[in-house]
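Rule-based calculations on the coordinates, nothing more; no lab input. Keep in mind that this is a model prediction, so the values were computed, not measured. Positions of Cβ are generated from backbone atoms using ideal geometry, with glycine treated the same way; all protein chains shown enter the neighbour counts.
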Amino acid sequence: MRIRLNGRTWETEARTVAALLEELRAQGALDAASDTVATAVNGAFTPQADRPTQTLSEGDAVEIVSPRQGG
Amino acid sequence: MTQNHREGAALPPDDDGGTLDPRQASDPPTAAASNTRAMDNGPQDDPVTLYGVELRSRLLLGTARYPSPAHLEDAVAASGAEILTVSLRREAIGLAAQSEGEATGFWRLLRSSGARLLPNTAGCFTAQEAITTAQMAREVFGVDWIKLEVIGGEDTLHPEVFGLVEAATALTAEGFKVFPYTTADLSVAERLLEAGCEVLMPWGAPIGTARGLADPYALRMMRAAFPETPLIVDAGIGRPSHGRRRWSSEWTPFC
């Protein structure tokens, strides 16, 4: 399945947000712990508790963000 | 008209009344707050209350563009700032090894600083983007304070005030304590207060211009119109003297 992940096209077998995070970690593509990232799907916030049930479909836009310096 | 608006408020004087006070700190703040009490030693010596939290320091310290994490850590300790502004960024998927050390170190520094965190919604161009970013920030940082930015243009980075009011209304309903980055427009300010904001963050000048206070009369108009509302002049501060500017005793300084 092809999704948009942080603005980039990404191939994944994951069917939920939680599974996507696990898959990315297994691939070495994401090191951040689950409690130091936040997620959104198609512009809507996906709370940590909802990640196991938030399903993904072809073409979905997923955002994974983490703390950064700011002003 | 809101209860925050002082009916029949006198207009501020035409002259800017600004002087420099060498007793004040020489380092430029990212932003600094003022409330309405004018003290002999200047309001910078006075605690300020933001959303029920009394703060001894009026310095809000940005965390970006330091030469190293050690410089940031030293700046936090030396400044005595009780509020640090922070942000969110997209994870560099596939480049995690490059970014992880930096992100983890930054997170540790924030948690060990003991300072209160003020996440922002920088880079958001619509109300919905800002709302989603605020929700993500609340989960990651564990705070309900949010510096709300809805930007109207990539070049000017001016506040998109219609989206700002929309987002402020939605976020306040969700329990956020909103710090809206806005212009000095009084009608917009009134709408933000009606939305539930207890703090306003008018710009001094457009972001990155370093012009100082481009329209001090407009800021004093805000001070006069909303005498009980903490105002934090947020953008366009370029020199220490911009941050140290004082006003005549009738008007509360923006430091």
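Taking Cβ atoms as reference points and 13 Å as the exclusive limit, the residues near A:Pro52 contribute a net charge of 0, counting Lys and Arg as +1 and Asp and Glu as -1. Taking a Cβ cut-off of under 10 Å around A:Asn42, the surrounding Lys, Arg, Asp and Glu residues balance to a net charge of -1, with basic ones at +1 and acidic ones at -1. Put in line by how crowded their Cβ is, counting other Cβ atoms within 10 Å and starting with the fewest, B:Asp155, A:Asp50 read B:Asp155, A:Asp50.
Near B:Leu50, the amide H atoms lying under 5 Å from its own belong to B:Leu55; only residues 5 or more places off or on other chains count, and H is placed 1.01 Å from N.
What ranking, highest mean first, results for peptides B:77-86, B:159-168, B:62-71 when packing means the other Cβ atoms within 10 Å averaged over each residue?
Working: B:77-86: 18.8, B:159-168: 22.7, B:62-71: 13.9.
Ranking the peptides B:77-86, B:159-168, B:62-71 by packing returns B:159-168, B:77-86, B:62-71.
The sum of -39500 (n - 2.57) across all DSSP H runs of n ≥ 4, divided by the residue count of chain A, sets its helix-only mean residue ellipticity at 222 nm to -4000 deg cm²/dmol.
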